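Colleague: If you scroll down you'll find the structure; I have some questions about it.
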Amino acid sequence: MSTEEYPEIEITLNVNGKDYTVKVKPYERLLDVLRYKLGLSSVKEGCGRGECGTCAVIMDGKLIASCLVLAIQARGKKILTLEGLAPPGKLHAIQKALLDTYAMQCGFCFPGVIMAMKSLLDRNPNPTEDEIREALSGNLCRCGSYLRFIKAAKLAAEYIRKGQVYFEFKG
Amino acid sequence: MALPTAEYVKIVEELFEKVKKFTYVGKHMQRWDAIEKILGKTRFTADYANLYRNLVYVYSVRAKYAHAKIRKIDVSEAEKVSGVLKVITHKDVPGVNDVGYVIPDQPLLAYSKVRYIGDIVALIVAEDPYIAEEAGEKVYVDYEPLPVIIDPLEIVDPITLEEKKHVLIHDERESDIVARYRIRTGDVKKGFDQASVIVENEYRTQYAEHAYMEPEAALAIPEPDGGITIIASTQCPYEARRAISKVLGMPFNKVRVVVPPLGGGFGGKEDVANEIGAKAALATLLTGRPAIAVHTREESIIGHSKRHPAIMWYKHGASRDGKLVAVEARIILDTGAYASLGPFVAWRATVHSVGPYKVPNAKVDTVAVYTNGIYAGAFRGFGNPQIHFAIEQQMDLLAEELDIDPVEFRLKNILRNGDRTVHGQLLDHGVGLEGALVKAAKIANWYRKRAEYAKQTGTIRKGIGAALLWHGNSIGAEGADYSAVSIIINRDGSVTFRTGLTDFGQGAIQGLIMLAAEILGVPPEYFRVEMPDTASVPDAGPTVASRTTAMGGNATLVAAYKLRKKLNEVAADMLKCSPDDIEIKAPEVYCRSDPARKIRWIDLIEECFWKGISLQEYGYYRAPKARWDDETGHGEPYFTYTFGAIIAEVVVDMETGKTYVERMVTAYDIGRVVNRVGAELHAEGGAIQGLGYALMEEIVHSPEGKVWNPNLYAYYIPTILDIPKEIIPIFVEAGYIRGPFGAKGLGEPSINGIAPAIANAIANAVGVRIKSLPMTPEKVYLELKRKGLIKL
């Protein structure tokens, strides 16, 4: 059977708080739907095999690799991407902490790293260094900002514990 | 006849002498693009797909054999697949079917033979990426397999370095030797006769992969006049334009290359960007539609350049009092199927081949050869990570033979101000190596830990090791070494910054803004950096060779200086004081002698517009001339060198052979720190990449030339679990007169010394010396077992 013979299926999914209904081929990945059908291009494709973490998003409260999930598997699910992390015009504590620690290099891994940190801090408001390392172990960063990620995760946790979840920014 | 010294040379030297206090330079500052990146709004090349309708997708059909003659390519079945618009083969290339970087040895689309597993025989252009891939299976190629050579020692004799008899990979060139370089200094025979100790060893390094997180991508757009615009993930827009124009057979001015931010480069996005850009451009040319090509991770790993594997024989001699008397070396670099930047890599390796030491007698021979492996080219360090792995272990072994502490032994031999390099180059100032080593040793508690670790028992052992490094800045005698920027002050007082240098994550452009801000007296927030685009930014040469801060920085100083001169004159006129008395601290401009006399920055700019003073300036800088004598390896190969000292601390588990790097102190003499955040991140990032190179990374070919680990599940790069607890960056600012305020580059040097420092630390911990990379648990364990140091 060649690709054109597969029928398209209509699915509804909730992304960043909004319902979307899209037609997908059965072999289409959630990653492609998010990136190309919904235009959420913070979700990156780094390896297509669930090895690098650049496509990580949160689905129904769990961190997943969106390259390993078929779009139809996301039917009816709630998905959070970096675009939906903070209200428009604000930075989330994790983003603020990454800026405070001067962690930015190429930034390609950042959307996935931020989602992994969010997933960690949702579960564990005061993680140890080992817990942070474990939680980010699926996110590769070739520029080598890892030490800053550890500092930033601790700082973000501190912000959130103090009730500072969102920050104003100049930009 | 001596030419008068160019104005730009004088400007850079004058600023070096004059300016010693800084507002922005050397400070921790947030990079200009941090906010858009943290919000996930930055558009990388593949993200542009969302902005174009009617896109077509390009899929590359790659070779089935690593070495074979092509008898016939049949695309008729692939063309019949519904949704396929065009199948492109070598016959469809309107210009020159070649994307070779230094040597025209690399067809874009293979025609007479394939030379490695990544060679492309056809391109499918289709309405949908899945259809394109499916159609790719229907391209039939009739191959006549040829013997596959993966071992470079089948190409050259390890002793004589003469070419052996074999089935030629590049029969059209009549030889598989790509390049040869040599150094002949003094008389090594005499040197070794004076030596009290001689240490001779073979070292090997592996094929290594950049593994930038963003795989290669390019998007081509047809223009109304028949030209083509290519948005591409490339380090070098002007180089990409040259290569793509050649393939398309179009003049340069009809090919436009635009470069969005890159998700990492590390040297890898040099020539492959030319290839992928040409693939997208061809598809657009032949279909009239916008075309996108994005490599999968597998294609990226199989289809782009690698770090050259090296086989190195080193013989070092030292006198009883610990002075180096002679170095002899033979270096074989495997450049894989195509030359790529191999000849330049071999040259850089040769230049640095004795390390940052005073060596009176040296004989070095380097040869780069073809094999049927993935082609090797530019990768952070450019030949230097390989040779440093060998040299720095040799230095430790000499120290051991002489029973001198390794740091003390190095201090007896390092280059200092006033010394000459092995090439006879006089380093009259700006050599901060001693400072770097002494500081690193102090901060790492070298002497105390060295003594402490000598007394260990048990199977978990700690070790500490040192390595030095040097790295010639910029392109050197490899080629034309110039840089350019333009700075435009807009009528609202905002500043536009343009350069053909790209940012692939390193943050060097931030350094350029800080330099311009320093001279102009306006905060970096006033600046907007325009995307590199051959339609607007000046050709600044390639973004390679750790040259952005030094070379781009000089060009920036020149442009900013010229603007500042004009601004001071107009302001002096407005404030009735002398131009030298003008202080600009935007949004204010005042007389230094009487700060009450002031105007607003915006008024100064408006006055310039009324007076007809142009506030668009171009800054150009040509590097000081480099010289290299091919017969002797003498001359001045690079105008200056970055120096460094690395100290690594490891924990080795003798029962598993596993090494954990606990701490690293990295001390670099980079002349002057410009972008401090960028410098620290380079020190950390280079250390982490070097750790991967040292302990885990290796591309493995099967005997048939297939790649066994073409994705990140099997090509291991460091994760956050593998990295040290601490990396301490230290900077020495020895100041080099022809760098911007004395600055030199750090991009590449930050990886050169890591693997040997770790190797020396392992030797210190458990008493075994691993002479091949990567130093995996298996190698360490088997060596411990072979030496009877572990019973298990």
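Colleague: Exactly one condition in (1) within 14 Å of chain A (Cβ to nearest Cβ); (2) of a type in the set (Asp, Glu); (3) over 27 Å from B:LEU219 (Cβ atoms) is false for B:GLU127; which is it?
Modeller: With respect to (1) within 14 Å of chain A (Cβ to nearest Cβ); (2) of a type in the set (Asp, Glu); (3) over 27 Å from B:LEU219 (Cβ atoms), B:GLU127 is out only on (3).
Colleague: Still on this model: Kindly indicate the residue of segment A:13-65 that is charged (D, E, K, R), over 23 Å from B:TYR52 (Cα atoms) and within 14 Å of another protein chain (Cβ to nearest Cβ) and also surrounded by the fewest Cβ atoms within 10 Å (Cβ to Cβ) among those meeting that condition.
Modeller: Keep residues of segment A:13-65 that are charged (D, E, K, R), which gives A:18-19, A:23, A:25, A:28-29, A:32, A:35, A:37, A:44-45, A:49, A:51, A:60, A:62.
Subsequent filtering for residues that are over 23 Å from B:TYR52 (Cα atoms) retains A:18-19, A:49, A:51, A:60, A:62.
Next cut, within 14 Å of another protein chain (Cβ to nearest Cβ) only: A:49, A:51.
Working: A:ARG49: 15, A:GLU51: 20.
Here the answer is A:ARG49.
Colleague: Can you name the condition, by its number, that B:GLY678 falls short on among (1) in a loop (DSSP other than H, G, I, E, B); (2) touching a residue at least 24 places away in the same chain (Cβ under 8 Å); (3) surrounded by 19 or more Cβ atoms within 10 Å (Cβ to Cβ)?
Modeller: It is condition (1) that B:GLY678 fails.
Colleague: Scan segment B:646-694 for residues that are within 15 Å of B:ILE727 (Cβ to Cβ) and among the β-branched types (Val, Ile, Thr) and report the count.
Modeller: Selection size over segment B:646-694: 8.
Colleague: Still on this structure, please answer the following. For the structure I just gave you, tell me whether B:ILE38 is more than 7 Å from every other protein chain (Cβ to nearest Cβ) and either of a type in the set (D, E, K, R) or crowded, with 18+ Cβ neighbours inside 10 Å (or both).
Modeller: Values: more than 7 Å from every other protein chain (Cβ to nearest Cβ): no; either of a type in the set (D, E, K, R) or crowded, with 18+ Cβ neighbours inside 10 Å (or both): yes.
Criteria not met by B:ILE38.
Colleague: Of the residues B:ALA623, B:ALA648, only one is touching a helix residue (DSSP H, G or I) at 6+ places or on another chain (Cβ under 6 Å) and in contact (Cβ under 8 Å) with a residue 12 or more places away in the chain; which? Lay out the reasoning, then the answer.
Modeller: On the way: B:ALA623 fails: touching a helix residue (DSSP H, G or I) at 6+ places or on another chain (Cβ under 6 Å).
Being touching a helix residue (DSSP H, G or I) at 6+ places or on another chain (Cβ under 6 Å) and in contact (Cβ under 8 Å) with a residue 12 or more places away in the chain holds for just one of B:ALA623, B:ALA648, which is B:ALA648.
Colleague: Restricting to segment B:82-107, give me the number of residues that are surrounded by fewer than 22 Cβ atoms within 10 Å (Cβ to Cβ), free of Cβ contacts under 8 Å to residues at least 24 places away in the same chain and part of a loop (DSSP other than H, G, I, E, B).
Modeller: So the answer is 1.
Colleague: Let me ask another. Within the set of pairs 6 or more residues apart or between chains, which connect a residue that is within 21 Å of B:GLY511 (Cα to Cα) inside segment B:30-47 to a residue that is among the charged types (D, E, K, R) with Cβ atoms less than 6 Å apart?
Modeller: B:THR42/B:GLU36
Colleague: Go through segment B:648-669 and give me each residue that's aliphatic (A, V, I, L, M) and either in contact with a Ser or Thr (Cβ under 6 Å, 6 or more places away or on another chain) or outside the structural domain of B:ALA440 (by TED's automatic domain parsing) (or both).
Modeller: Keep residues of segment B:648-669 that are aliphatic (A, V, I, L, M), which gives B:648, B:650-652, B:654, B:661, B:664-665, B:667.
Hits for segment B:648-669 are B:VAL650, B:VAL652, B:MET654.
Colleague: For segment B:10-35, which residues satisfy the criterion of being within 14 Å of another protein chain (Cβ to nearest Cβ), aliphatic (A, V, I, L, M) and assigned to a loop (DSSP other than H, G, I, E, B)?
Modeller: B:MET29
Colleague: Among the residues of segment B:176-221, how many are in contact with a strand residue (DSSP E or B) (Cβ under 6 Å, 6 or more places away or on another chain), away from chain A (no Cβ under 14 Å), over 18 Å from B:VAL327 (Cα atoms) and not charged (D, E, K, R)?
Modeller: Here the count works out to 8.
Colleague: Also, quick follow-up: Report whether or not B:ILE737 is within 30 Å of B:ALA517 (Cβ to Cβ), of a type outside the set (S, T, N, Q), surrounded by fewer than 24 Cβ atoms within 10 Å (Cβ to Cβ) and over 23 Å from the mean Cα position of the chain (by Cα).
Modeller: Judged against the criteria, B:ILE737 is a match.
Colleague: What do you reckon, is B:PHE252 crowded, with 24+ Cβ neighbours inside 10 Å and either of a type in the set (Phe, Trp, Tyr) or within 14 Å of chain A (Cβ to nearest Cβ) (or both)?
Modeller: No.
Colleague: Within the set of pairs 6+ apart or on separate chains, which have a first residue in segment B:140-163 that is closer than 20 Å to B:LYS706 by Cβ, a second that is assigned to a loop (DSSP other than H, G, I, E, B) and among the acidic types (Asp, Glu), and C-beta atoms under 7 Å apart?
Modeller: Pairs found: B:VAL148/B:GLU704; B:ILE155/B:ASP176.
Colleague: Residues being surrounded by fewer than 18 Cβ atoms within 10 Å (Cβ to Cβ) and part of a strand (DSSP E or B): count how many of those fall in segment B:112-142.
Modeller: Residues that pass the stated criteria total 2.
Colleague: Then there's this: B:SER300 passes all but one of (1) among the hydroxyl-bearing types (Ser, Thr, Tyr); (2) over 19 Å from the mean Cα position of the chain (by Cα); (3) closer than 17 Å to B:THR234 by Cα; which number fails?
Modeller: Condition (2) is where B:SER300 drops out.
Colleague: Could you check segment B:36-76 and list, in sequence order, the residues that are under 20 Å from A:ASP32 (Cβ atoms) and hydrophobic (A, V, I, L, M, F, W, C)?
Modeller: Of everything in segment B:36-76, those that are under 20 Å from A:ASP32 (Cβ atoms) and hydrophobic (A, V, I, L, M, F, W, C) turn out to be B:PHE44, B:ALA46, B:ALA49, B:LEU51, B:LEU55, B:VAL56, B:VAL58.
Colleague: Tell me, which helices (runs of 4 or more DSSP H) lie completely within segment B:363-462 with 1 or more residues that are in contact with a Ser or Thr (Cβ under 8 Å, 6 or more places away or on another chain) and either crowded, with 24+ Cβ neighbours inside 10 Å or of a type in the set (Ser, Thr, Tyr) (or both)?
Modeller: On the way: elements: B:384-402, B:406-411, B:433-443, B:446-453.
Answer list for segment B:363-462: B:384-402, B:433-443.
The values are calculated or read from the model by the stated rules, or taken from the named source; none is laboratory data. If you're wondering where the values come from, they're calculated on a predicted model, not measured in any experiment. No Cβ is skipped: glycine too gets one built from the backbone with ideal geometry, and neighbour counts run over all protein chains shown.
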